[in-house]
Amino acid sequence: MTGHTGNLPFIEGKPPKAARLIYARAAGPKLNLAIIYNNWKYIFFEGREYLFNLDEDPMEKTNLALKFPVLKGYLRQLAFYQLRINQKLNLFR
């Protein structure tokens, strides 16, 4: 990996800090969601994935999903995990 990724707990063997699931919406079979973790924002929208470094790109113009595939995959799993927790707690109803 090149560039700054911040401290990723899964690489360091530590549990993740709290991530914020900021958006989740299901429209029929489509699911859209977004999560913020540290300075990173991951978006899953209409089957496409986006990854932004909010410190370096606050206007979200440069999609880094292809540049950081491991981070993208980690945040995808974290987002869907957080969505399942929120659904169990009925936070989206």
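The values are calculated or read from the model by the stated rules, or taken from the named source; none is laboratory data. In this text, all values refer to a predicted model and were calculated from it rather than measured experimentally. Because the Cβ atoms are built from the backbone with ideal geometry, glycine has one as well, and the counts that use them run over all protein chains shown. We work out accessible area using only protein heavy atoms, side chains counted, and drop any ligands, DNA or RNA first. Shrake-Rupley method; radii C 1.70, N 1.55, O 1.52, S 1.80 Å.
Restricting the first member to region 37-56 and to residues that are at positive phi, and the second to residues that are of a type in the set (Gly, Ala, Ser) and in a loop (DSSP other than H, G, I, E, B), the beta-carbon pairs closer than 7 Å and six or more apart or on different chains are 38/6. Of the set (1) modelled with pLDDT of 85 or more; (2) open to solvent by 80 Å² or more (accessible area, probe 1.4 Å), all apply to residue 71 but (2).
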